[in-house]
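Q: Just dropping this structure here.
The values are calculated or read from the model by the stated rules, or taken from the named source; none is laboratory data. Note that the structure is a prediction, hence the values are computed from the model and not measured. Quick reminder, even Gly has a Cβ in these numbers, built from the backbone with ideal geometry, and neighbours come from all protein chains shown. Surface areas here come from the heavy atoms of the whole protein model, side chains and all, with no ligands, DNA or RNA. Shrake-Rupley method; radii C 1.70, N 1.55, O 1.52, S 1.80 Å.
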Amino acid sequence: MLIKDISKYAGQEFEVKGWLYNKRSSGSIAFLELRDGSGFVQAVVVKAGVGEETWANAEKLTQESSLIVKGKVSKHPKQEGVFELQVSDIQVAQIAEEYPITKKEHGPDFLLDNRHLWLRSKKQWAIQRVRDIVISAIYDYFHEKSFIKIDTPIITPNACEGATTLFGIQYFDEGEVFLSQSGQLYLEAAVMSVGRGFDFGPTFRAEKSKTKRHLTEFWMMDAEAAFVEHNENMDIQEGMIKFIIKRCLEKCQEELTILERNQEPLKKLLNLPFVRLTYSEAMEKLHSLGSDIKFGEDLGNDDEGLLTQNSDVPVFIHKWPKSIKPFYMKRDSANPDLVLNDDLIGIEGAGEIIGGSQREDDYEVLKAEIEKEGLKGPEYQWYLDLRKYGSVPHSGFGLGLERTVGWMCGAQHIRETIPFPRLINRVRP
Ligand code: 4AD
Ligand code: MG
């Protein structure tokens, strides 16, 4: 029996195996808020209506004590559709010591030091459940679109996203290798076998950024498809984001309510096309809004904010200058100084949630780019091979899971969206 199913037991006996989340008692009646992982329920203990031992147990329960509670399911006297438990028996599994996380406000460092306990708080519980729904939505979207799941390696001898953010590890006699920044390069190889694929796993960046949107370990979903070109690549991304949002609105009503998430902006964008601005158009817009960004510079937080501030929909910024983008991106034949890439900027301050591009598919051009970036030739020979044996136009993108979940939840900082965040100044617990 799980609390999430309690409505099916109206009028019947029910058993909750879980923890005490909160308690109020007047001396003759106690209201216990119980949680079992699947949900929360109020349990009512009436002193005159239960045995002495059960009342004594109710009295001694402390926050987060573990217990088994039996009783009859009844309708909440005031709240429509809400059920509660009229308690007949309480068995205590363990009386918890004084719990460090109480109802009072705690600072972020204290909460992060106690992340192993903080995870039990209602909002944190809700965020992890939204994360689970986002993950399963991604799998479902890609399977519907005939992409298959491909597992790419985490230990790799090459760099996908620039050598400056690599985490190195000592690998037996091989010397230094790295933790993956993105499975993209391996996924490109795999889709030349399976046509369309996606991976989903932890990725690592030794980024010295202390922003609300940077983790050193985060989860990325890379997708890749043969014979897909730049515009279709953006269509697939837009479809995926709408699919995720729709799923969250369907499946996460309780969670979004706990998180006090205003759902209107999410609902609204479902029926609207996303805005697509070229990098040049974005520059013009930024200048007209007073930004002093120069052509050829990356967009900062503030620029992303300006570009989306009055937008009901996420904004694609596409066709960036080649000079600030990685070696694998294909040049735009109409202007070889630009590449066929896109960043998708979410609304409501979500920031860049996707980075994608069409890939260079010409052997000689790609080889020259790899050399120009000073990357170690031999580690990329297998990648170049893909351009030797049946090369095809192909494109893909990577979605940051934590930024997406943060946006869905309206979370202030993405560190709350991963169970145990790794930040530049935090590896514990
Ligand atoms: O834009 P990025 O760097 O793109 C790639 O890694 C490509 N190889 C993906 C591909 O084409 N298959 O990263 C993709 C996304 C970003 O848009 C962002 O959402 C997230 O990953 N991301 C981070 N999330 C949290 N912390 C960080 N340090 C992140 N760096 C990137
Ligand atoms: Mg990016």
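Q: Residues 277, 289, 272: which one is in contact (Cβ under 8 Å) with a residue 12 or more places away in the chain, more than 22 Å from residue 132 (Cβ to Cβ) and touching a strand residue (DSSP E or B) at 6+ places or on another chain (Cβ under 6 Å)?
A: 277
Q: On to the next question. Filter region 199-240 for residues that are touching a strand residue (DSSP E or B) at 6+ places or on another chain (Cβ under 6 Å), more than 16 Å from ligand 2 (Cβ to nearest atom) and either farther than 20 Å from residue 330 by Cβ or free of Cβ contacts under 8 Å to residues at least 60 places away in the same chain (or both) and give the result.
A: Passing the criteria: 199, 200, 202, 217.
Q: Restrict the check to region 371-386 and report whether at least one residue is more than 12 Å from the chain's Cα centre (by Cα), within 10 Å of ligand 1 (Cβ to nearest atom) and either at positive phi or crowded, with 21+ Cβ neighbours inside 10 Å (or both).
A: no
Q: Just name the residue that is modelled with the lowest pLDDT out of those in region 39-84 that are among the polar types (S, T, N, Q) and under 23 Å from residue 7 (Cβ atoms).
A: 79
Q: Among (1) part of a strand (DSSP E or B); (2) closer than 30 Å to residue 423 by Cβ; (3) of a type in the set (S, T, N, Q), where does residue 86 come up short?
A: (2)
Q: Out of all the residues in region 226-236, which are buried (at least 18 other Cβ atoms within 10 Å of the Cβ) and in a loop (DSSP other than H, G, I, E, B)?
A: 228
Q: Sticking with this one: Quick check on my filter: what residues within region 57-82 are open to solvent by 20 Å² or more (accessible area, probe 1.4 Å) and touching a Phe, Trp or Tyr at 6+ places or on another chain (Cβ under 8 Å)?
A: Result: 62, 63, 66, 70, 72, 74, 75, 76.
Q: Same structure again: When the residues of region 237-253 are filtered to those that are hydrophobic (A, V, I, L, M, F, W, C) and either outside any helix (DSSP H, G or I) or open to solvent by less than 10 Å² (accessible area, probe 1.4 Å) (or both), which remaining residue is farthest from residue 409 (Cα to Cα)?
A: 240
Q: What number of residues within region 145-187 are open to solvent by 10 Å² or more (accessible area, probe 1.4 Å), without any contact (Cβ under 8 Å) to a residue 60 or more places away in the chain and outside any loop (DSSP other than H, G, I, E, B)?
A: 18
Q: Give the residue, chosen from 266, 307, that is under 28 Å from residue 184 (Cα atoms), open to solvent by less than 30 Å² (accessible area, probe 1.4 Å) and in a helix (DSSP H, G or I).
A: Exactly one of 266, 307 is under 28 Å from residue 184 (Cα atoms), open to solvent by less than 30 Å² (accessible area, probe 1.4 Å) and in a helix (DSSP H, G or I), namely 307.
Q: Working only within region 344-361, note down all residues that are within 11 Å of ligand 1 (Cβ to nearest atom) and assigned to a loop (DSSP other than H, G, I, E, B). Explain how you work it out, then say what you get.
A: At the first step, the residues of region 344-361 found to be within 11 Å of ligand 1 (Cβ to nearest atom) are 344-346, 350-359.
Passing the criteria: only 350.
Q: Quick one: residue 33 ticks every box in (1) in a helix (DSSP H, G or I); (2) surrounded by 12 or more Cβ atoms within 10 Å (Cβ to Cβ) bar one, so which box is it?
A: Answer for residue 33: the failing condition is (1).
Q: Take region 316-329 and flag every residue that is open to solvent by less than 50 Å² (accessible area, probe 1.4 Å), in contact with a strand residue (DSSP E or B) (Cβ under 9 Å, 6 or more places away or on another chain) and within 21 Å of residue 224 (Cα to Cα).
A: The answer is 316, 317, 318, 320, 322, 325, 326, 328, 329.
Q: Just the residues that are away from ligand 2 (no atom under 14 Å from the Cβ), among the aliphatic types (A, V, I, L, M) and part of a strand (DSSP E or B), please, taken from region 316-343.
A: Within region 316-343, just 338 meets the criteria.
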